[in-house]
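Structure, as structure tokens:
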Amino acid sequence: MAHESVQPPPQAAPLAEVEPKVKILPGMSSDMTAATFVIDQEDHTLGNTLRHCIMQNPEVEFCGYSIPHPSNLNIHIRIQTTPNTTALEALSQGLKDLYTMCDHTLKKFNEEITKGDYEIVSS
Amino acid sequence: MPYDRDHIVLEAETVTNISSHDYPHQFPGDDRGFGVEAFRNKFNVKVWRVSREEMEFDLVGLDASLSNAFRRILLADVPTMAIEKVFMHYNTGVVQDEVLSQRLGLIPINADPTKFVSKSADDPLTELNTIVFKLDVECTHNKEAAKDETDPNKLYKNSSVYSGHLKWVPQHGQAETFADRPIKPVLDDILLAKLRPGQRITCELHCEKSSGRDHAKYSPVATASYRLLPVIDIKQEITGDMALKLQKCFPSGVVDIIEKNGQKTAKVVNARKDTMSREVLRHKEFQGLVELKRKRDHFIFKIESTGAVPPAVLFAQSVKHMMDKCELVLKAVSELSVDTTA
């Protein structure tokens, strides 16, 4: 087996037409209180959690997600808000909240593991 | 029955109160609070048992979407190393090349995936993206075997090919990098094929890094699952023979019989052990006296690792993976230019 390099391989050059990670579907309201976002390369894992986080926002009137076609790996996430905020604002706030919640989960989990207050089974 | 925010209710034929309505504007005079602050206040973790391959812990105070995301990530997104390419030099055994290759792919490899990068189709092979194994086994007659021996294991040498026959061939700096934990299959006694004298398998195997989304062999877990904490509500005191009968409706250790006012009385001592068989709902005499529920936000998680990565590390990685997803999307959202005239 020929090893040609000890460095990590360079990232493959992006293809000419790469789907953007996030885009907005045409037809959002002019004040941006209602919009549908398309997130590429994501599924229920992010879709459902993000929907949950966005719905916790009291300024959000509606939030739902769908996977339009099982062969296409992307999700549509619809957000409608009160005039006090925008759909884009609600989306980024939802992502930030989800990040913080995960961060807290990890912190609590690591604390509990370090505390060592559990049975260790040797196999 | 009024809507119970905290429980899922199990009835004889149906399960009700399934979806969570814990969102703003859902209940009049609601003062529970939402979002990150509320999450911080109620979220808790309790680890029960940890072994090299298995772990059981409780996550309390989170939505099903979040705990399901962690489970999904564990199954499909946390990467491991697995045999991806098999260069078959000899295979004169009865197990065909493609069948043997498929079996080889499923062997869990004890190598820290964080020390590797994933390889795309046209990347050159490096010590960072490939682990090389050699398999060279030939079956021969065992000269020392007794004349009337019938057991193939004694009659022949190497009549069974095991995962332990795989020999790691360190590339470049790999021998030093993994000096404290030489790369090998997690288990040495996985049967791969059977041979008879004169038959031989010789091949070179290349392991690559990928995730369960690509192929199930890369999944770091045998399984990762959760269940909701069972709750058994005894509405009215159940005494005497009824108490004994109630006890028999549940697995042992769930219901205890205590003396109360000189009477045998049933008491739930460990609902966690209940399988939620709903046996109690089959008996008319308990109708209206016992309610079976599950706590909506109390998840009993069980992670069974394949052994390559300890389960506690896997869970931490899955949460980290979710955070990476958020960061990636958040970056894309911040770069989004909005053209409302479109």
Computed from every Cα-Cα pair in the range B:200-299, P(r) in 5 Å bins starting at 0 and rounded to whole percents is 2, 11, 17, 16, 10, 7, 6, 5, 5, 5, 5, 4, 3, 2, 1, 0
Quick P(r) readout (the protein assembly as shown; Cα-Cα; 20 Å bins; whole %) gives 19, 42, 30, 9, 0
Any lysines whose Cα falls less than 25 Å from that of B:Lys147, other than same-chain ones fewer than 8 residues away, would be B:Lys157, B:Lys194
Scalar couplings 3J(HN,Hα) for the range A:39-55 by Karplus 6.51 cos²θ - 1.76 cosθ + 1.60 (θ = phi - 60°), nearest whole Hz, x for Gly and Pro, are 10, 7, 6, 10, 9, 4, 3, 8, x, 6, 5, 5, 4, 4, 5, 5, 5
The answer for chain B, counting only DSSP H helices whose Cα atoms cover 24 angstrom or more along the axis and whose Kyte-Doolittle average is 0.0 or greater, is B:311-334
Phi-derived 3J(HN,Hα) across the range B:135-151 with the Karplus relation (6.51, -1.76, 1.60, θ = phi - 60°), rounded Hz, x for Gly and Pro, is 10, 9, 10, 10, 8, 9, 6, 8, 5, 7, 5, 5, 4, 9, 5, 10, 6
Whole-Å distance linking the alpha carbon centroid of the range B:303-342 with that of the range A:23-75 is 16 Å
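If eta is 1.306 mPa s and T is 10 °C, what Stokes-Einstein diffusion coefficient results for the range A:22-108, Kirkwood Rh from Cα pairs, in µm²/s?
Answer, rounded: 120 µm²/s.
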Listed by chain and number, the aspartates and glutamates with an alpha carbon less than 20 angstrom from that of B:Lys245, same-chain partners under 8 positions apart left out, are B:Glu11, B:Asp233, B:Glu237, B:Asp256, B:Glu259, B:Asp274, B:Glu279, B:Glu285, B:Glu291
With N residues in chain B, Rg(alpha-carbon) / (2.2 N^0.38 Å) equals 1.38
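Projected area of the range B:80-218, taken from the Cα convex hull and averaged over every viewing direction, in nm²?
The Cα convex hull of the range B:80-218, projected and averaged over all directions, gives 9.4 nm².
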Any residue on another chain or 5+ positions along whose placed amide H is under 5 Å from the amide H of B:Arg296 is listed here as B:His7, B:Ile8
For peptide B:21-27, the mean count of other chain Cβ atoms within 10 Å per residue Cβ is 3
Expressed as a whole number, the average count of other chain Cβ atoms within 10 Å around the Cβ atoms of A:82-90 is 1
Per 10 angstrom bin, beginning at 0 and ending with the bin that holds the maximum distance, the Cα pairs of the range B:1-145 fall in percents of 7, 21, 22, 17, 16, 11, 5, 2, 0
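Quick one: work out Rg over Rh on the C-alpha atoms of the range B:236-288, Rh as Kirkwood radius. Walk me through the intermediate numbers first.
Working: Rg = 10.7 Å, Rh = 11.3 Å.
Value, to two decimals: 0.95.
FYI, it's all coordinate maths here, none of it is from the lab. Note that this is a predicted model, so its numbers are computed, not measured. When we count neighbours, we look across all protein chains shown, and the Cβ atoms used for this are built from the backbone with ideal geometry, even at glycine.
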